[in-house]
Amino acid sequence: MKLAEGIRRHGFRTWYERELLQSHAHLALSFLCLIGIFAAVEAAMRFRGWADQLFDIFATLLLVATGLWALRRYLHLLHHAELAAHQAECPQCKAYGRLQLLQADDSGEYVQVVCRACQHVWLIDNR
C-alpha cells in the first residue's frame, strides 16, 4: 500500500505496522521455501524414475524462484517502511508518528504531512 493511501485510511502508525507485518510474512514464506528446497533436493537424490526426477527438479526450481521473490519483496517492503519511519518525527516538537496527510503528488514519492501536536508541516520523501 502506498504511503499516502495508508496514512489517509489508517494513520501512519497502523500503516507502518501493516507494512512490517506484510514484509515479515514474506520472510516467513522465503524460510518455508528454503525448507521445501532442502526436501526437494533430498528427494531428487534418490533415483526412482525419470518422471519423479523431473518433478523433483521442477519443484526445486519453483521453490527457488518463489523464495527469491519473497526475499526480494521482504527487503523492498522493509526498506520502504523504514524510509518513511525515519522521516515520521516532527522536526519541530519531535513527536513521532503523530501526523496527518495534507497532500501527495501523483507518483506517491512526496507526501506532505502536518503534525497533530504542533501543526508543523513537512515533506516525507518516499523514494
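The values are calculated or read from the model by the stated rules, or taken from the named source; none is laboratory data. Just so it is clear, the model here is predicted, and its values are computed rather than measured. Here the Cβ positions follow ideal geometry from the backbone for every residue, glycine too, while neighbour counts run over all protein chains shown.
The selection criterion, being more than 22 Å from the chain's Cα centre (by Cα) and either among the hydroxyl-bearing types (Ser, Thr, Tyr) or assigned to a loop (DSSP other than H, G, I, E, B) (or both), holds for residue 60. Scanning the range 12-47 for residues that are of a type outside the set (A, V, I, L, M, F, W, C), without any contact (Cβ under 8 Å) to a residue 40 or more places away in the chain and either closer than 30 Å to residue 123 by Cα or exposed (fewer than 14 other Cβ atoms within 10 Å of the Cβ) (or both) yields 14, 17, 18, 42, 46.
The condition of being among the aliphatic types (A, V, I, L, M), more than 30 Å from residue 101 (Cβ to Cβ) and at pLDDT 90 or above holds for only one of 20, 54, 34, that being 34. Got at least one residue in the range 70-88 being surrounded by 15 or more Cβ atoms within 10 Å (Cβ to Cβ), touching a residue at least 60 places away in the same chain (Cβ under 8 Å) and not in a helix (DSSP H, G or I)? Yes, the range 70-88 contains a residue that is surrounded by 15 or more Cβ atoms within 10 Å (Cβ to Cβ), touching a residue at least 60 places away in the same chain (Cβ under 8 Å) and not in a helix (DSSP H, G or I). Go through the range 115-127 and count every residue that is surrounded by fewer than 16 Cβ atoms within 10 Å (Cβ to Cβ) and closer than 14 Å to residue 4 by Cα. Final tally of qualifying residues: 3. In the range 1-11, the residue that is surrounded by the most Cβ atoms within 10 Å (Cβ to Cβ) out of those that are basic (Lys, Arg) and either in a helix (DSSP H, G or I) or without any contact (Cβ under 8 Å) to a residue 60 or more places away in the chain (or both) is 8.
Among (1) over 29 Å from residue 17 (Cβ atoms); (2) touching an Asp or Glu at 6+ places or on another chain (Cβ under 8 Å); (3) aromatic (Phe, Trp, Tyr), there is one condition residue 58 misses while meeting the rest; what is its number? Every condition holds for residue 58 apart from (2).
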